[in-house]
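Here is the structure we will look at.
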Amino acid sequence: MDNILAPIQDAFEGQIDFQGQRITEILSTVLLIITGAIAFVAGYIYQDIHLTLWAGLAGTVVTGLAVIPPWPMYNKNPVKWHVPLASGSRGAGVVVDGVRVA
C-alpha cells in the first residue's frame, strides 16, 4: 500500500527549495500587481465593477495555479542535508552538567 501512496504523498507534500520559495514570492507579487492594474483599468474604461471583479478573480486564480503547486522549476537547488552520524560514532555532542547529550 505504501508503494501506491508514496508518489501521491510526494506530489501533495510540496517540496520546494529556498530559491523556489523566493521565486514564488516574487512571481505572486508581480502577477497580483499586474492583475490588479489590468482589472482596474478595464473596469475604469468600461465603467463596470463586475468586469473589474471578474478580471481580478481570474488573475488571482492564474496566480494561484502558477505558484501553489510544487512545480519542478521551484526545486532546482535542493538543500543538501548532513548525513546523520552512526550511533556508535563520537560526534560533536552537547555536554550538559557533565553528561553528553546527542
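The values are calculated or read from the model by the stated rules, or taken from the named source; none is laboratory data. Everything numeric here is computed off the predicted structure, so don't read it as measured data. Here the Cβ is made from the backbone with ideal geometry for all residues, glycine too, and neighbour counts use every protein chain on show.
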ask   = In region 5-21, how many residues are modelled with pLDDT under 90 and in a loop (DSSP other than H, G, I, E, B)?
value = 3
query = Out of the residues in region 8-25 that are surrounded by 11 or more Cβ atoms within 10 Å (Cβ to Cβ) and without any contact (Cβ under 8 Å) to a residue 40 or more places away in the chain, which is farthest from VAL61 (Cα to Cα)?
reply = ASP10
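Tell me which residues, restricted to region 1-51, are among the charged types (D, E, K, R) and over 22 Å from the mean Cα position of the chain (by Cα).
So in region 1-51, the residues among the charged types (D, E, K, R) come out as 2, 10, 13, 17, 22, 25, 48.
Those that are among the charged types (D, E, K, R) and over 22 Å from the mean Cα position of the chain (by Cα): ASP2, ASP48.
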request  = Give VAL83, VAL41, VAL61 a once-over and let me know the one that is closer than 29 Å to PHE12 by Cα, loosely packed, with under 14 Cβ neighbours inside 10 Å and either modelled with pLDDT of 95 or more or acidic (Asp, Glu) (or both).
outcome  = VAL61
